[in-house]
1. In the stretch 24-36, what count of residues is obtained for those that are exposed (fewer than 15 other Cβ atoms within 10 Å of the Cβ) and modelled with pLDDT under 90?
2. Would you check which residues across the stretch 44-60 are open to solvent by 40 Å² or more (accessible area, probe 1.4 Å) and part of a loop (DSSP other than H, G, I, E, B) and list them?
3. Hey, could you check the stretch 107-133 for residues that are farther than 18 Å from Val67 by Cβ and among the acidic types (Asp, Glu) and say which is surrounded by the most Cβ atoms within 10 Å (Cβ to Cβ)?
4. Consider Val107 against the criteria (1) more than 15 Å from the chain's Cα centre (by Cα); (2) over 20 Å from Pro23 (Cα atoms); (3) modelled with pLDDT of 80 or more; (4) assigned to a helix (DSSP H, G or I): it satisfies all of them except one. Which criterion is unmet?
Amino acid sequence: MVITAKQEALVVSSWNEMKDDAPTFALKFFLRLFEIIPSAAKRFSFLRDSNLPLDKNSKLKAHAMGVFVMTCEAATQLRKTGRVNVGANTSVQHLASVHFKAGVADVHFEVLKFALLETIKEAVPYMWSEELKEAWSESYDHLVVAIKNEM
């Protein structure tokens, strides 16, 4: 899997269109996951003991935003360095450990990808194309491969 300069540009340009309202789209992204797999919410330690509605949970909002940003940044990192980094405050190894302990399986990653693509399609319908879908898919897939390789 190699992300092209054009794919990187598509991810970045669509991200620039979404970023002013990114917290809203990031939350929609995860709410879609929970619509498809309601039991997935139990895999998040910060949701297990919460009585707040999902759309009001600040920890879910922060997590969703982090995943959304990481996926976009993966495209740029791949073009610059040939690998995915996940930020200064965490590591791929840490993400892998958390996902492994939570019992995250391939199906969860696939449903999350579907939710991501549907959210982007809703966020920037005027930009949506097969090329944009493929660009975001590649970026997401690279991030997931990095996590799975450490699991």
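1. Residues in the stretch 24-36 being exposed (fewer than 15 other Cβ atoms within 10 Å of the Cβ) and modelled with pLDDT under 90: 0 in total.
2. Asp49, Asn51, Leu52, Pro53
3. Glu131
4. Evaluating Val107 over (1) more than 15 Å from the chain's Cα centre (by Cα); (2) over 20 Å from Pro23 (Cα atoms); (3) modelled with pLDDT of 80 or more; (4) assigned to a helix (DSSP H, G or I) leaves (1) as the failure.
The values are calculated or read from the model by the stated rules, or taken from the named source; none is laboratory data. Source: prediction; values computed, not measured. Ideal geometry is used to build each Cβ from the backbone, glycine not excepted, and the neighbour counts take in all protein chains shown. Heads up: the accessible areas ignore ligands, DNA and RNA and are worked out on the full protein's heavy atoms, side chains in. Shrake-Rupley method; radii C 1.70, N 1.55, O 1.52, S 1.80 Å.
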